[in-house]
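Just so it is clear, none of the values below were taken in a lab; they were calculated from the coordinates. Bear in mind the structure is a predicted one, so any value in this text is a computation, not a measurement. A quick note on method: Cβ atoms are made from the backbone with ideal geometry, for glycine too, and the neighbour counts reach across all protein chains shown.
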Amino acid sequence: VRSMEFIQFHPTGLYIPGESGRTFLISESVRGEGGLLKNSSGERFMVGKHELAELAPRDIVARGIFRELERSGEQCVYIDMTAEDEEHLKKRYPTIYGECLRRGINISKDRIPVSPVQHYMIGGIAAGLNSMSTVDGLYACGEAASTGVHGANRLASNSMLECLVYGRRAAESINAASAAARPTDFELPRPSAGKLNKVDAPALREKIRAVMSETCWVIRTEKGLRRGLKEISGILKTLSEADMSEKSVMELLNMAQVAHEILAGALARRESVGAHYRED
Ligand SMILES: Cc1cc2nc3c(=O)[nH]c(=O)nc-3n(C[C@H](O)[C@H](O)[C@H](O)COP(=O)(O)OP(=O)(O)OC[C@H]3O[C@@H](n4cnc5c(N)ncnc54)[C@H](O)[C@@H]3O)c2cc1C
């Protein structure tokens, strides 16, 4: 794997206290068409931070919100669409209108609470132009792959490049390869024998989520990353002695390994570049 530290954050996930897991996104087109980012006092805090204010690139808006939350001590900022006509909003943004209304937010009257959320894994399994990874015969494409085409900061809306172009290339390459070139005996690691411990998979999963949110979010510090790495290493140690017969525990191990690589990459890359931003 490579470039695991390059994670794109979407600046405006819908923030609902107590809701966790998959976040509903408030599309950037909302800001593109006049939605204003405001703090709880109604101030447009992106003005003066970037010449495009609310329309600055994703990483800059995400950091602007992060700083504003740090300053205010609050959990979210707001998108204000209340200057728009309700019928227009209903027609132009039916899904956003409906999803918000379902949670008691009428976007023509109420401000939409938002906060940055993890969005796209720019790095991943290192893959070449024919989508082959560094393991002979193993292909990777789509978001899981790191082809290098996004650099350190993916532009919005071009995951199609990874999915369609590299998916096709992988298929063509596999079809062109002779059967003899295909790997037949790649050994997956097996859980160790002996006495294996039962683990509380949902609790550990939540712990990984919390550690990553606290230590490897939009702005990273060496101290935070070291703490995150220590916590995730502890989880990996627990899992090395765990009973892997449950699918949820195997998934947990995958998650912990990915989290470990993200933290290790973020710690090793001292400079801020693209989607990776270090404060020290
Ligand atoms: C809310 C949201 C909005 C987005 N909007 C845009 C946009 O507007 N434009 C854009 O370009 N990109 C957008 N993206 C990014 C884009 O959707 C993703 O990058 C893209 O869908 C990734 O496709 P994929 O096929 O690589 O992976 P996925 O779509 O994640 O597909 C992976 C598949 O593998 C399956 N799977 C996982 N583990 C296993 C296993 N062990 N065995 C078998 N199957 C397994 C999963 O169930 C899933 O079906 C958005 C992403 C999100 C989350």
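Please give me, ordered by residue number, the trypsin sites (Lys or Arg not before Pro) of region 1-88 that lie in loop per DSSP and have at most 15 other Cβ atoms within 10 Å.
Arg22, Arg44
For Thr215, Thr12, which order do you get if you count the other beta carbons within 10 Å of each Cβ and list the fewest first?
Arranged by neighbour count, lowest to highest, Thr215, Thr12 become Thr215, Thr12.
Which residue fluctuates the most in the chain, going by a Gaussian network model with Cα springs under 10 Å, if the choices are Ser245, Ser40, Ser159?
With Cα springs under 10 Å in the chain, the top fluctuation among Ser245, Ser40, Ser159 is at Ser245.
Summing +1 for each Lys or Arg and -1 for each Asp or Glu, what net charge is found among the other residues whose Cβ lies under 11 Å from the Cβ of Phe66? Walk me through the numbers before you get to the answer.
Details: positive: Arg63, Arg67, Arg71, Arg220; negative: Asp59, Glu68, Glu70, Glu279.
My count for the surroundings of Phe66 gives 0.
For Cα pairs less than 8 Å apart in space and 6+ apart in sequence, what is the mean separation divided by the residue count of region 1-80, i.e. the relative contact order in percent?
The value is 32 percent.
Using C-alpha positions alone, give me the convex hull volume of region 1-48 per residue in cubic angstrom.
146
Can you tell me which of Met160, Met255, Met81 moves the most in a GNM of the chain? Springs connect C-alpha atoms under 10 Å apart.
Between Met160, Met255, Met81, it is Met160 that shows the largest mean-square fluctuation.
Project the alpha carbons of the chain onto their principal axes and report the range along each, largest first, in whole Å.
Principal extents (Cα only, largest first): 64, 45, 39 Å.
Using only the Cα atoms, work out Rg/Rh for region 193-280, with Rh taken as the Kirkwood radius, to two decimals.
The Rg/Rh ratio comes out at 1.05.
For a test of the definition: using alpha carbon positions, the gyration tensor, and the 1.5 limit on a/c, classify region 38-87 as rounded, prolate or oblate.
Judged from the Cα gyration tensor, region 38-87 comes out oblate (a/c at least 1.5, b/c at or above a/b).
Per DSSP H run of n ≥ 4, the term is -39500 (n - 2.57); total these for the chain, divide by its residue number, and report the mean residue ellipticity at 222 nm rounded to 500 deg cm²/dmol.
Mean residue ellipticity at 222 nm (helix-derived): -11500 deg cm²/dmol.
Residues with amide H under 5 Å of Val273's amide H, sequence separation 5 or more or different chain, H placed in the peptide plane at 1.01 Å from N; which?
It is Arg278, by chain and number.
May I ask you to list the GluC sites (Glu not before Pro) in region 217-280 that are in a DSSP loop and have at most 13 other Cβ atoms within 10 Å of their Cβ?
Here the sparse-neighbourhood loop sites are Glu241, Glu246, Glu271, Glu279.
Where the centre of each part is set by its Cα atoms, how far does region 214-276 sit from region 66-124, in angstrom?
29
Which of Asp200, Asp280, Asp59 has the fewest other C-beta atoms within 10 Å, and how do the rest follow up to the most?
Ascending number of Cβ neighbours within 10 Å: Asp280, Asp200, Asp59.
List the residues whose amide H sits under 5 Å from the amide H of Ala242, counting only those 5 or more places along or on another chain, with H placed 1.01 Å from N in the peptide plane.
Placed amide hydrogens put Asn197 under 5 Å from Ala242.
Using amide H atoms built in the peptide plane, which far-off residues or other-chain residues are under 5 Å from Tyr139 H to H?
Ser133
Cross-link partners among lysines for Lys247, C-alpha distance below 21 Å, same-chain residues fewer than 8 apart left out?
The qualifying lysines are Lys195, Lys198, Lys207, Lys237.
Percent relative contact order of the chain, based on C-alpha pairs within less than 8 angstrom and at least six residues apart?
About 21 percent, as a whole number.
Relative to the first principal axis of the alpha-carbon coordinates of the chain, what is the inclination of helix 222-240, with its axis defined by its Cα atoms, in degrees from 0 to 90 and to the nearest 10?
Taking Cα atoms only, the helix is inclined about 50 degrees.
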